[in-house]
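Just passing along the structure, written as C-alpha cells.
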Amino acid sequence: MSDIPTHYQGLVLTSIGPEMRIEQRPMLKADSGSVVVRILESSVLSYQNDIYNGKRQYPLTTPIVGGCSAVGRIAATGPDATILMPGQLVWVDCVVRGRDDSEAIYLWGIHEGYNSGSQKLSREIWHDGTFSEFAKVPLENCFPLNEARLYTELGYSARELIYLSHLLVPFGGLRTIDLKPGETIVVCPSTGGFSGAGVQVALALGARVIAMGRNETELARLRAFVTKGTPWVNIETVKVTGDQAADTASLKALGTIDAVLDLSPPAAAQATHLPSAIAALRRGGRISVLGSVGQPIVGWSFLSKDLQLKGKLMYERDDAMLFIKMLEAGLFARGTDLVETKSFPLEDWKAAFDMAAEYTGVGRIVTLTP
Ligand SMILES: NC(=O)c1ccc[n+]([C@@H]2O[C@H](COP(=O)([O-])OP(=O)(O)OC[C@H]3O[C@@H](n4cnc5c(N)ncnc54)[C@H](OP(=O)(O)O)[C@@H]3O)[C@@H](O)[C@H]2O)c1
C-alpha cells in the first residue's frame, strides 16, 4: 500500500517506572496469521499509571510499546487473511490466546500472563501494543466493524467505538451467568469505568439494574446518563453505607434479586458492597466476579441458597462477536450519549494517564490518538 510510511512512532515503556518515550521504528510487516493496523484510538485504563510505574506489580517485560485494545484500520494483511482487507475499520482486541493452548492467555500491553506459554507469546511474538501509529496484530484479534451502520446510521465514530474496551468486560462476565431479560441484577460498585459500563450492558440486555455505590453524586450522574439516551431502561440506585446488614435490607426492599456483578478494584477488595449484595440474592442466584475480592464469600448461606459464583478474565472471542452485533443492532444509546471521550496525542501521554485516573465512571473514557 503506497500510503504506508517507511517508519512509525510508538510510545515505549523502556523499564517499569514513571517514564515513557516516543520512538521512531521501521514499518511493521504483515506475515501469516497477522495484520498490520493503523491505530485510530487506543484506550487508556484508569490504572494505566499504576501498571507501568509498578504499583500494580503486573508481570511485563520491557522495553514494550504500551497500549491495549484499540480501534483502527487495516493497513496490510498477511497471506492467510480471508475477510480482513486494507482500509477496513476494525476492533483490535487485547486478549491474546495461545492458538494451541487456551490457558496461554494474557492482556497485550498490560501484562504477559502467568504461564510459560503466555510469557513466550508475549515476549517473542505479540509484544508491542497500540500506543502507536501502527501495530502488528494477530489475525483473530481483529474484529470487522460495520462502518456504514455504526458511523452513518448510529452516529458513532472511532472515539465512541473505543468504548467497546469498557463494555465488553462486563458483557463477558454477564455471559458467564446468563443474565436474562427481565431479571434484576445488582452491579457493585457501579461508579467505576468498567462497572458503569456494566450498568449500560445489563440494561441493554433487558435487565432491571440496582446500581450500588458510596458516592451519591456519582450515582445520580449514572442514573441521568443511562436514561438520557435510553429513557425506557429500569434502574434504581442504592447508596452503600458500610453497614452490611442495612445495605442488604435496602436491596431486599427492592424485590427479588437474581444476579450480582462485581467489578471492584483492589482498593475495594474488603468493601461491604459485595457481601451485602450476595446476602440479598434469591435462592439459585448467580454472581459474576471480575474484580478483586479480599474476603470469603462462600459460607452457609452460599450453600443453602444454591448460589453460583463465576470468575471471568475479560471475555471469549464469541462474546466479542456477539456484542458487536448488539451494538450494530442499535441496542445502545447513540453517538456521544453512549460515551464522552477525552483524547490526547501520543506525546501528551502523561496528561492522558493522569486524566484517566480522574475521568472515571459511566460513559467516560480516555484515549491516545496516534
Ligand atoms: N476480570 C477482568 O477481566 C477485568 C477487566 C478489567 C478490569 N478489571 C478490574 O476492574 C477494576 C475496576 O476498574 P474501573 O476502571 O471500573 O475502576 P475505576 O473507574 O477506578 O472505579 C473504581 C470503582 O471502585 C470504587 N471504589 C474504589 N475504592 C473503593 C473502596 N475502598 N470501597 C468501595 N468502593 C471503592 C469506586 O467508587 P467511588 O466512586 O465511590 O470512588 C468506583 O466505583 C479494576 O481495578 C480491575 O482490576 C477486571
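The values are calculated or read from the model by the stated rules, or taken from the named source; none is laboratory data. Treat the numbers as computed from the prediction; the structure is a model and nothing was measured. Cβ: placed from backbone, ideal geometry, glycine included. Neighbour counts: every protein chain shown. Heads up: the accessible areas ignore ligands, DNA and RNA and are worked out on the full protein's heavy atoms, side chains in. Shrake-Rupley method; radii C 1.70, N 1.55, O 1.52, S 1.80 Å.
Based on the Kirkwood radius over alpha-carbon pairs, what value in µm²/s does the Stokes-Einstein equation return for the translational diffusion coefficient of segment 132-246 at 37 °C and 0.692 mPa s?
The estimated diffusion coefficient comes to 207 µm²/s.
Measuring with a 1.4 Å probe in the full set of protein chains, what accessible area per residue, in whole Å², belongs to segment 11-54?
Per-residue accessible area for segment 11-54 comes out at 41 Å².
Give, rounded to the nearest 20 debye, the magnitude of the charge dipole that the chain has about its Cα centre when Lys and Arg contribute +1 at Cβ and Asp and Glu contribute -1 at Cβ.
Dipole of the chain, to the nearest 20 debye: 680 debye.
By what distance, in whole Å, do the Cα atoms of segment 171-315 stretch along each of the three principal axes, largest value first?
Result, largest extent first: 42, 30, 29 Å.
Given the rule -39500 (n - 2.57) for each run of at least 4 DSSP H residues, summed and divided by the residues of the chain, what is its mean residue ellipticity at 222 nm, to the nearest 500 deg cm²/dmol?
-7500 deg cm²/dmol
Within a Cβ distance under 11 Å of Ala268, other residues only, what is the Lys/Arg minus Asp/Glu net charge?
0
Please report, as a whole percent, how much of the solvent-accessible surface of the chain comes from carbon and sulfur atoms (probe radius 1.4 Å).
The nonpolar share, carbon plus sulfur, comes to 51 percent.
Determine the shape class of segment 225-281: with a ≥ b ≥ c the square roots of the Cα gyration tensor eigenvalues, call it rounded for a/c under 1.5, and otherwise prolate if a/b is greater than b/c, oblate otherwise.
The shape class here is oblate.
Which percent, nearest 5, of DSSP beta bridges in the chain are antiparallel?
Looking only at bridges with both residues in the chain, the antiparallel portion is about 55 percent.
Now for a different question. Which Cα, out of Gln200, Val260, Ser301, lies furthest along the positive dipole direction of segment 168-311 (beta carbon charges, K/R +1, D/E -1)?
Going by the Cα projections, it comes out as Gln200.
While we're looking at this one, here's another question. Given Cα pairs under 8 Å that are at least 6 residues apart, what percent is the relative contact order of segment 168-311?
So the answer I get is 25 percent.
Hey, can you rank 125-134, 295-304 by average C-beta count inside 10 Å, highest first?
Packing order, densest peptide first, comes out as 125-134, 295-304.
Could you calculate, for the chain, the ratio of the Cα radius of gyration to the Kirkwood radius, expressed as Rg to Rh?
Looking at the chain, the ratio lands at 0.97.
Related question: Send over the per residue convex hull volume for segment 35-87, Cα only, as a whole number of Å³.
Per-residue hull volume (Cα only) is 110 Å³.
By how many nm would the segment from Leu303 to Asn146 grow when fully extended, if each residue of separation counts as 0.36 nm and the alpha-carbon distance is taken off?
Net length gain for the segment: 52.0 nm.
Taking 30 Å as R0, compute the FRET efficiency from the Cβ-Cβ separation of Met321 and Arg73 and round it to 0.05.
0.95
Now a separate question. Using a probe radius of 1.4 Å on heavy atoms only, what accessible surface per residue do you get for segment 135-223? Whole Å² is fine.
30 Å²
I'd like the isolated cysteines in the chain, meaning no second cysteine's beta-carbon lies under 4.7 angstrom from theirs.
Those would be Cys142, Cys188, since no other cysteine Cβ in the chain comes under 4.7 Å of theirs.
Here's something else I'd like to know. What residue among Val90, Thr230, Val240 has its Cα farthest toward the positive end of the dipole of the chain, where the charges are +1 on Lys, Arg and -1 on Asp, Glu, each on the Cβ?
Positive-end residue among those listed: Val240.
Sticking with this one: How many nm separate the modelled label positions at Thr6 and Leu254, each set 7 Å beyond the Cα in the direction of the Cβ?
Label-label distance for Thr6 and Leu254, simple model: 6.1 nm.
For segment 162-250, run through the chymotrypsin sites (Phe, Trp or Tyr not before Pro) and keep only the ones in DSSP coil with at most 12 other Cβ atoms within 10 Å of their Cβ.
Filter output for segment 162-250: Trp232.
Trypsin sites (Lys or Arg not before Pro) within segment 79-179: which are DSSP loop residues with at most 12 other Cβ atoms inside 10 Å?
When the trypsin sites (Lys or Arg not before Pro) of segment 79-179 are filtered for loop state and at most 12 Cβ neighbours within 10 Å, Arg99 remain.
Among residues other than Lys350 whose Cβ falls under 12 Å from its Cβ, what is the net charge (Lys/Arg +1, Asp/Glu -1)?
Cβ neighbours under 12 Å give a net charge of -3.
Continuing with the same structure: Note the count of lysine pairs whose C-alpha atoms are less than 24 angstrom apart in the chain, limited to pairs 8 or more residues apart or on different chains.
21
Another one. If you average the C-alpha positions of segment 161-200 and of segment 96-123 separately, how far apart do those two centres end up, in angstrom?
Cα centroid to Cα centroid, the span is 25 Å.
Continuing with this model, one more query. Please report the relative contact order for the chain, taking Cα pairs under 8 Å with a sequence separation of at least 6, and give it as a percent rounded to a whole number.
Averaging sequence separation for qualifying contacts and normalising by length gives 18 percent for the chain.
Counting other Cβ atoms within 10 Å of each Cβ, which GluC sites (Glu not before Pro) in segment 1-86 have at most 13 and sit in a DSSP loop?
Of the GluC sites (Glu not before Pro), the ones in loops of segment 1-86 whose Cβ has at most 13 other Cβ atoms within 10 Å are Glu19.
Same structure, new question: Within 10 Å, count the other beta carbons around each residue, average over each peptide in 8-17, 247-256, and list them highest first.
Those peptides, ordered most packed to least, come out 8-17, 247-256.
Mind checking the full-extension length gain between Glu124 and Leu313? Use 0.36 nm per residue of separation minus the Cα-Cα distance, one decimal, nm.
65.8 nm
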